[in-house]
Structure formats: structure tokens, C-alpha cells
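Only one structure is covered here, and it is reproduced in the block below.
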Amino acid sequence: MYSVMTGAIVLTILGNLVIMISIPQFKQLHSPTNFLILSMATTDFPLGFVIMPYSMVRSVESCWFLGDGFYKFHASFDMMLSLPSILHLCSVVDRFYAVCCPLHYTTTMTSSVIERLLALCWSAPALFHFGLVLFEANVPGMQSCEILVACFNFCALTFNKCWGRTP
């Protein structure tokens with residue numbers, strides 16, 4: 001299990017590193033879409049380099065041995081980097097405009113639109129996840145669930161009724 005997960009981590013790191021080096025290096029690749037892809041690679045690189053190794057150990061061993069404080073930071077960064085990655089994938093909707101409305105693409109997807117999109121992709125998850133985890137907004141009402149955890153150092157974020165509710 002460790003070797004398969006390590007392979008995925010190495011592939012993630014190297015693939016995103018190639019993108020992070022290639023796009024700034026070659027002027028031909030400087031386009032609004034490629035800046036979205038560069039930003040997504042910038043999000044995915046720390047996921048592979050910092051988050052995935054600890055998550056691999058947690059997944060295989062099913063216990064967290066690095067303390068509660070480090071877990072809060074790990075979980076915050078995990079969520080804070082995963083959501084922007086997903087938002088970047090959703091933001092590649094500019095390809096829809098490029099294919100379906102090629103004549104309007106240059107006026108619709110300008111550099112300022114991409115900059116605002118990237119600012120939203122990075123700032124909204126950071127504010128939400130660090131606020132949720134570090135200020136423990138998800139904790140009230142969850143004390144009774146602690147006895148259900150078999151491993152004393154089990155690493156799992158629990159969400160109370162307010163945060164776990166679906167609309």
C-alpha cells in the first residue's frame with residue numbers, strides 16, 4: 001500500500017513541477033487558460049509534497065501520531081488546498097467559451113477576469129477552512145462522539161449538526 005501511494009505522490013509532485021516550470025519559462029504558453037493551469041499546479045504541488053505523505057501514513061496506519069495541534073494545521077491545509085484545486089478545475093470553464101464562442105473568447109476571458117477568478121479560488125477556501133478548523137466552529141455538540149473512536153489518536157474532523165446539514 002505504501003509503495004502504490006508513494007508512486008502517486010511522486011507522480012503528483014513531478015507532474016505539477018513540470019507544469020510550474022514550463023508555463024513561466026516559455027512565452028508561447030502565456031495565456032489566460034495556462035495561468036489557470038499554472039495556478040492549479042501551484043495548488044496541487046503542495047498537496048503532493050506536504051499533505052499527501054502525512055495522509056498516506058494516516059490512511060495506512062489508521063492512527064495519527066503527530067499530535068492534535070499539528071493535525072488541525074494539516075487538516076486546515078488539506079482542505080484549504082483541496083477546495084482551490086477543485087475550484088480551479090471548475091474554472092477551466094473558459095474552455096467552454098473557447099470552443100463554443102471562439103469569436104467572443106478574447107473579450108470574455110480577459111486577464112482581469114482570470115485574476116478575479118484566481119483570487120476567488122484561493123481566498124474563499126482559505127477563509128472558510130481556517131476559520132472552521134482553527135476556531136473549532138465544527139466542535140460544539142460533538143463531545144459525545146469521542147467515545148466512539150477506537151484509536152486514541154484517531155485523526156478525523158467531525159462536524160456538528162450545523163456544519164453537517166445539507167440544504
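See the values below:
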| quantity | calculated |
| --- | --- |
| Geometric extent, Cα atoms of segment 1-104 - Rg, Dmax (angstrom) | 16.8, 56 |
| FRET E, pair A124, S3, Förster distance 45 Å, beta-carbon r, rounded to 0.05 | 0.80 |
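Values in this text are rule-based calculations from the coordinates and carry no lab data. Because the structure is a prediction, the values reported are computed rather than measured. Ideal geometry is used to build each Cβ from the backbone, glycine not excepted, and the neighbour counts take in all protein chains shown.
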